[in-house]
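Every number here is computed from the coordinates shown, using simple stated rules; none is lab data. Keep in mind it's a predicted model, so treat the numbers as computed, not measured. As a convention, Cβ positions derive from the backbone with ideal geometry for all residues, glycine included, and neighbour counts pool all protein chains shown.
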Amino acid sequence: MTRTLALIGAPSSAGAHYPGQEKAPRYLRAAGLIASLQAAGLTVVDYGDIPEARCVVRREPRSMASVDAVIQVARQLADRVADALEQHHTPLVIGGDCSISLGVVSGFVQQREDLALLYLDGGVDITTPATYRIGALDSMGMAHLVAEAGAIEALSRIGPRYPLLPGTRILPFGYIPGEPREQEAAILARHGIQGFPVEVVRGNAQAAAIEARRRLEAMAVQFVIHFDVDVLDFVDFPIADVLQPQPGLTLAEAIDALKVFAASPHFAGMIITEFNPDHADAEGELAATFIEALAQILAEIPK
């Protein structure tokens, strides 16, 4: 039986550093996303977009200013994901900033408790309002998933359980370690989070993905992929909302790795975050290339 993709748009920059990402679902649809997926042999049902939520820049601490909007987005998205899962469809969620993953995970946990998360991201997002001066919640996603000390409790408690995921069910992949490196490593160790930093993946993406997939399949019955496009080297493929100053993965390396993950019988869905159309080229070549890459990746889903 062919699996059906449930395309869900999350046009939100509510937790972002600045606006732009809320345009991504509409932009990628207009660039031919659904047609490309169908041409790759995939069945797609479009569940539409949740209501748009645009980043508002204020002088007050950003995390406290945006938390209500981020919670609202997460709850709306959780309901839409849960609806798709009830229909036995495989969610493909197009964001939107990284905080949308909280809503997607919440929706999954409502339906399928035995879940793991592949965190393919330029950073591990383990900061909290106490440790990140800028305060943008899209840099705090993992901290709220695991209920790290100092996280906003109302956001960590949006789902049916607390924490939404234990650290032992999360596998970061391709990330650039934060600074100070020792402090971040200590937080990850405290939650039992063991991942594959960029220096392990770069130049070795497929082999690293094979090992990471083995670990994910041992963690849970199913896993979801959080794919923040800032894991991509901005010089190689400049579509991310916030560029990473250090070298990341090439698009080709990300495709090689994601094909391995999508081919797993445990694969349950994908979240795309941090694509900012304002950073794309006027001709639309970057969007077309990205859409084609997604089609190649998702064509690997077992039939």
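Taking a sphere under 14 Å around the Cβ of ALA218 and counting the other residues whose Cβ falls inside, with K and R at +1 and D and E at -1, yields a net charge of +1.
The residues packed around GLN206, meaning those with a beta-carbon under 14 Å from its beta-carbon, carry a net charge of 0 if Lys and Arg are +1 and Asp and Glu are -1.
How much of the calculated P(r) for region 110-269 lies past 26 Å, in percent of all Cα pairs? Value for region 110-269 (Cα pairs over 26 Å): 23 percent. The length gained by stretching the chain between ARG215 and ASP278 to full extension, at 0.36 nm per residue less their Cα-Cα distance, is 19.0 nm. Quarter the surface of the alpha carbon convex hull of the chain and you get the mean projected area, 13.5 square nanometres. Relative contact order for the chain: 22 percent, from Cα pairs under 8 Å spaced at least 6 residues apart, divided by residue count. Each Lys or Arg adds one and each Asp or Glu subtracts one; over the other residues with Cβ under 11 Å from the Cβ of ALA10, this totals -3. By the beta-carbon count within 10 Å of each Cβ, the least crowded to most crowded order of ASP49, ASP278, ASP121, fewest first, is ASP278, ASP49, ASP121.
What list do you get for MET270, MET142, MET219 if you sort them by fewest beta carbons within 10 Å?
MET219, MET270, MET142
In terms of other Cβ atoms within 10 Å, ASP125, ASP236 run from fewest to most in the order ASP236, ASP125. Charge dipole (Cα centre; +1 on Lys/Arg Cβ, -1 on Asp/Glu Cβ; no other charges) of the chain amounts to roughly 720 debye. Around the amide H of ILE170, modelled in the peptide plane, lie the amide H atoms of LEU117, all under 5 Å away and 5 or more residues distant in sequence or on another chain.
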